[in-house]
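The values are calculated or read from the model by the stated rules, or taken from the named source; none is laboratory data. Since we're looking at a predicted model, the values are computed, not measured. Note that we place each Cβ from the backbone using ideal geometry, even for glycine, and neighbour counts take in every protein chain shown.
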Amino acid sequence: MNKDEIILLHQFLLYILKHLEDDDKMQETCSEYISLNIKPQYIHKTKIEHKHAIFLLSTIISQIIVDRDYDSIPTDIANSMNEIAKRLKNEINRETDRF
């Protein structure tokens, strides 16, 4: 995927999250995503930073769905998304340490 497509996916996932989660719970549920300070409109952020945000959003969305209807999504999907998000975070940290 090119960066434009990743940014569109980031925006789409954020839209889904806002549809699924109540505004009053958003701060608590999405604290890690919010702390990234990477929004879809931040086009100056790197492709990998947007990918990290996408996997965090995917993890949050899958966890919300699992919490609402436990049988709807296998928990290993949510866990896999979380593992990928952690790997991307480590990759971002390595890149920033080089500079």
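Observations, loosely collected:
- Elements of type helices (runs of 4 or more DSSP H) in the range 1-84, at least 3 residues being on the phi < 0 side of the Ramachandran plot and of a type in the set (A, V, I, L, M): 3-20, 47-68
- Applying the condition of being under 17 Å from Glu91 (Cβ atoms) and β-branched (Val, Ile, Thr) to the range 39-66 and asking which residue is modelled with the lowest pLDDT yields Thr59.
- Qualifying residue in the range 24-38 (condition: charged (D, E, K, R), over 18 Å from Leu9 (Cα atoms) and modelled with pLDDT of 80 or more): yes
- In the range 22-41, the residues that are over 10 Å from the mean Cα position of the chain (by Cα) and over 15 Å from Ile7 (Cβ atoms): Asp22, Asp23, Asp24, Lys25, Met26, Gln27, Glu28, Thr29, Ser31, Ser35, Asn37
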